[in-house]
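The values are calculated or read from the model by the stated rules, or taken from the named source; none is laboratory data. Quick caveat: nothing in here was measured; it's all calculated off a predicted structure. Note: ideal-geometry Cβ built from the backbone for every residue, glycine included; neighbour counts use all protein chains shown.
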Protein chains: 2
Amino acid sequence: MGDNDGVVFIGSKPPMNYVLAVVTQFHSGSKVVHIKARGKAISRAVDVAEIVRNRFIENVKIMKIEISTEVMKTENDEDINVSAIDIELSK
Amino acid sequence: MGDNDGVVFIGSKPPMNYVLAVVTQFHSGSKVVHIKARGKAISRAVDVAEIVRNRFIENVKIMKIEISTEVMKTENDEDINVSAIDIELSK
């Protein structure tokens, strides 16, 4: 990732909150914004990317989509595997 | 998509059901298998792809990941936009 790349981490809020965050990062000068999510939030990350490019910023392109597996700790200190996604948008 | 490409549509069953379907398609001769999902099942599609390549078929690669928006009809005949994913695995 480049130094000026923006990043938006997707949580459990409504998609529009994150759409606004992505649009704001592009408007404040980022040429590249990464939308990142883990687990069930992955579906929302795809929604956010699609809403941004279909309804808000016409000339934004999906440059790369990467999926991976991250190891996280449960409350009981056990390791669990969680899927992750990184959607790279570029203007 | 090529004629011999396999396709697995992800629904709401446990991920292992779909992992088995993907592995079976590779074992029956497919060189390429597409994992497709819409809406909330997108997260599960990523889980399935990750489990297949990390635990079942070592030499499988993610060739392409595409996201898109599909228009679907609700029960009340209204159009709604639904995000979709297509993960292309190749052996």
**Fill in**
By residue number, the members of the stretch A:72-86 that are at pLDDT 95 or above and of a type in the set (A, V, I, L, M) are A:VAL82, A:ALA84, A:ILE85
**Message:** Can you tell me which residue is modelled with the lowest pLDDT among those in the stretch B:24-38 that are small (Gly, Ala, Ser) and buried (at least 16 other Cβ atoms within 10 Å of the Cβ)?
**Reply:** B:SER30
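With a cut-off of at least 2 residues that are in contact with a Phe, Trp or Tyr (Cβ under 9 Å, 6 or more places away or on another chain) and without any contact (Cβ under 8 Å) to a residue 40 or more places away in the chain, name the strands (runs of 3 or more DSSP E) lying wholly within the stretch B:4-91.
B:6-9
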**Request:** Select from the stretch A:39-68 the residues that are more than 7 Å from chain B (Cβ to nearest Cβ) and among the polar types (S, T, N, Q) and write down the one among them that is surrounded by the fewest Cβ atoms within 10 Å (Cβ to Cβ).
**Result:** A:ASN59
**Asked** Mind checking which residues of the stretch A:20-38 are more than 13 Å from chain B (Cβ to nearest Cβ) and hydrophobic (A, V, I, L, M, F, W, C)?
**Response** A:LEU20, A:ALA21, A:VAL22, A:VAL23, A:PHE26, A:VAL32, A:VAL33
**Among (1) more than 12 Å from chain B (Cβ to nearest Cβ); (2) surrounded by 12 or more Cβ atoms within 10 Å (Cβ to Cβ); (3) in contact with a Ser or Thr (Cβ under 8 Å, 6 or more places away or on another chain); (4) not hydroxyl-bearing (Ser, Thr, Tyr), the one test that A:ASN17 misses** = (3)
